[in-house]
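What follows is a single structure, written as structure tokens, with notes after it.
The values are calculated or read from the model by the stated rules, or taken from the named source; none is laboratory data. This structure is a prediction, so every number in the text was calculated from the model and none was measured. Reconstructed Cβ throughout: ideal geometry from the backbone, glycine too, with neighbour counts over all protein chains shown.
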Amino acid sequence: MDSPAPGPELLGTRLRLLLGLLEADVAAVYSDLGLAEVRPRYTPVLRTLARRGPSSIQDLAAAVGVTHSAASQTVAHLVKDGLTVVGPGRDGRQRITSLTPKAESLLPALDAEWEATTAAATAFEAELSFPLSELIGEALEALRRRPMRRRIADAAPHLIPGRN
């Protein structure tokens with residue numbers, strides 16, 4: 001007998017599975033294009049730098065919609081892979097990221113892949129009962145209003161010290 005489809009108790013696990021499937025296929029397209037050194041998470045940062053020019057990690061994080069830590073880690077990988085360089089900003093605390101000539105040479109292929117991926121994502125969402133991008137936006141906003149930690153504490157106050 002088949003077990004019922006998992007519910008909210010496996011939400012994180014199933015989201016990681018979904019993300020893994022999406023990223024693996026995009027990475028395979030990069031490989032097909034001869035861009036094996038490019039990871040899917042690089043492209044939004046590279047395209048932002050191409051559009052805006054040299055930017056701080058804080059500005060990149062805001063533009064791409066990730067945390068400062070995630071943007072910093074991505075930039076570190078980009079530097080290691082020779083796609084960006086980081087230099088000092090106007091004050092000593094800010095680091096400014098710029099594209100390398102190697103990255104600039106990849107932009108036409110990355111832009112074409114981005115357009116194709118956007119079209120494929122739009123077609124994918126059309127197969128769903130509700131657009132996944134809208135649902136993700138709603139979920140992120142709900143967690144900004146009331147983080148999961150607070151929701152867990154409210155559901156089981158006895159688990160969190162001082163919340164009895």
Those residues of region 117-138 which are polar (S, T, N, Q) and loosely packed, with under 14 Cβ neighbours inside 10 Å, in sequence order: THR118, THR122, SER129, SER133
ALA116: passes all of (1) more than 22 Å from the chain's Cα centre (by Cα); (2) modelled with pLDDT of 95 or more; (3) small (Gly, Ala, Ser) but (1)
Can you tell me which of SER98, SER105 is touching a strand residue (DSSP E or B) at 6+ places or on another chain (Cβ under 7 Å) and more than 29 Å from LEU15 (Cα to Cα)? SER98
Please enumerate the residues belonging to region 79-102 that are in contact with a helix residue (DSSP H, G or I) (Cβ under 6 Å, 6 or more places away or on another chain) and closer than 20 Å to VAL26 by Cβ. LEU83, THR84
Exactly one of ALA24, ALA70, ALA61, ALA103 is among the small types (Gly, Ala, Ser), surrounded by fewer than 14 Cβ atoms within 10 Å (Cβ to Cβ) and not assigned by TED's automatic domain parsing to the domain that holds MET148, and that one is ALA24
Scan region 69-88 residue by residue and report those that are among the hydroxyl-bearing types (Ser, Thr, Tyr) and under 15 Å from the mean Cα position of the chain (by Cα). SER69, SER72, THR74
Restricted to region 140-164, and to residues that are modelled with pLDDT under 95, part of a helix (DSSP H, G or I) and among the aliphatic types (A, V, I, L, M), which residue is farthest from ALA50 (Cα to Cα)? LEU159
Check THR117 against each of (1) over 17 Å from LEU11 (Cβ atoms); (2) without any contact (Cβ under 8 Å) to a residue 60 or more places away in the chain; (3) outside the structural domain of ALA50 (by TED's automatic domain parsing); (4) part of a helix (DSSP H, G or I) and name the one condition it does not meet. (2)
Can you tell me how many residues in region 20-68 are assigned to a helix (DSSP H, G or I), over 11 Å from the mean Cα position of the chain (by Cα) and of a type in the set (Asp, Glu)? 3
